[in-house]
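Q: Once you've had a glance at the structure underneath, I'll fire off some questions.
The values are calculated or read from the model by the stated rules, or taken from the named source; none is laboratory data. Just so it is clear, the structure is predicted and the values come from calculations on it, not from any experiment. Cβ sites come from the backbone with ideal geometry, for glycine too, and all protein chains shown count toward neighbours.
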Amino acid sequence: MSKAPRPTLDHPAFASVKARFPGSRLRATEFRGQSTLIVEPSELHAVLTFLKSEPSLEYVFLSDVTAVDYLRYPTAMPGRFAVVYILRSFARDDVFVVKTYLDPSLPTEGIDPDPALVVDSVTDIWPGAEWREREVFDMFGIRFRNHPDLRRILTWETYPAHPLRKDYPLRGRGERESYRVVDRSSA
C-alpha cells in the first residue's frame, strides 16, 4: 500500500482556489501534514461549493463542521471564533480543512443573537451538514444563514448560554446547585 503524499503549501487545492477567486483574501497554512485554507466569511459558501464541484478536486464528503473559541489564546488570531469544515476527496484520498474566522460584536456571556456571528449554511451543498451546524449553533452560538431547521440539538431550547464558549464557567451557571448530593450512606 502506497503512502499518501504529505500535504504542503503547494497543495493543488490552494492553487485551484487562488486561480478561481483571484481577488479574494485567502490564506493557506500547513501544520503536521494538514493543509488548511482560511477564507473570509462572505466568500465561504462560494469557496466550499467550488471545492466540491471542481472536477480536479472533488471534495464530495463533508466529514465535520465544528468551531473553536480562541478567547485567551496565546497568539493573535484573525477572530475569536473559527468555523471549521473538514472535507474529504475519495477520488484523491485527501483531507482538506477550510476555516473562517468571526469576531463577536456583542458580549458573549449571554445568549443574545450576535449579528456578527453568522455564516452561510452549507446544507445546500452537503445535506449532512444540518445536524453539525445545529451543534455549532447550540454550543457556540454561531448562526447559519439559510439553515432549514436551526435550533438547539444538545441542550434544551431555553438553555441560557452556549457551553463551549470559553467565557462560560466550568461549573455552569447554577445548573448544579439544584441537584441533590447523593453519597454512599443515602443511596
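Q: If I ask for residues that are under 21 Å from Ala91 (Cα atoms) and either surrounded by fewer than 16 Cβ atoms within 10 Å (Cβ to Cβ) or in contact with a strand residue (DSSP E or B) (Cβ under 8 Å, 6 or more places away or on another chain) (or both), which ones from the range 21-51 would you list? Even if it seems obvious, please write down each step before you answer.
A: Residues of the range 21-51 that are under 21 Å from Ala91 (Cα atoms), as a first pass: 33-37, 47-51.
The answer is Gly33, Gln34, Ser35, Thr36, Leu37, Val47, Leu48, Thr49, Leu51.
Q: From the set of residues in the range 121-148 that are part of a loop (DSSP other than H, G, I, E, B) and out of contact with any helix residue (DSSP H, G or I) (no Cβ under 7 Å at 6 or more places or on another chain), which is nearest to Ser105 (Cα to Cα)?
A: Taking the range 121-148 as the starting set, the residues that turn out to be part of a loop (DSSP other than H, G, I, E, B) are 121-128, 141-142, 146-148.
Checking the rest, the ones that are also out of contact with any helix residue (DSSP H, G or I) (no Cβ under 7 Å at 6 or more places or on another chain) come to 124, 126-128, 141, 146.
Numbers: Asp124: 28, Trp126: 29, Pro127: 30, Gly128: 30, Gly141: 13, Asn146: 21 Å.
Among those that are part of a loop (DSSP other than H, G, I, E, B) and out of contact with any helix residue (DSSP H, G or I) (no Cβ under 7 Å at 6 or more places or on another chain), it is Gly141.
Q: Kindly list, by first and then second residue, each pair from a residue in the range 131-158 that is without any contact (Cβ under 8 Å) to a residue 12 or more places away in the chain to a residue that is charged (D, E, K, R), limited to pairs with Cβ atoms under 7 Å and residues at least 6 apart or on different chains.
A: The qualifying pairs are Glu157/Arg151.
Q: Let me ask something else about it. Give Thr100, Thr49, Thr66, Thr108 a once-over and let me know the one that is among the polar types (S, T, N, Q), part of a helix (DSSP H, G or I) and closer than 19 Å to Phe144 by Cβ.
A: Thr49
Q: Can you spot a residue in the range 114-131 that is modelled with pLDDT under 95, over 21 Å from Arg88 (Cβ atoms) and in contact with a His (Cβ under 9 Å, 6 or more places away or on another chain)?
A: no
Q: So, Pro55, is that one outside any strand (DSSP E or B), closer than 18 Å to Glu133 by Cβ and out of contact with any Phe, Trp or Tyr (no Cβ under 9 Å at 6 or more places or on another chain) or not?
A: So Pro55 does not fit the description; no.
Q: Which of the residues that make up the range 75-100 are surrounded by 19 or more Cβ atoms within 10 Å (Cβ to Cβ), touching a Pro at 6+ places or on another chain (Cβ under 9 Å) and of a type outside the set (Lys, Arg)?
A: Phe81, Val83, Asp94, Phe96, Thr100 - these are the residues of the range 75-100 that are surrounded by 19 or more Cβ atoms within 10 Å (Cβ to Cβ), touching a Pro at 6+ places or on another chain (Cβ under 9 Å) and of a type outside the set (Lys, Arg).
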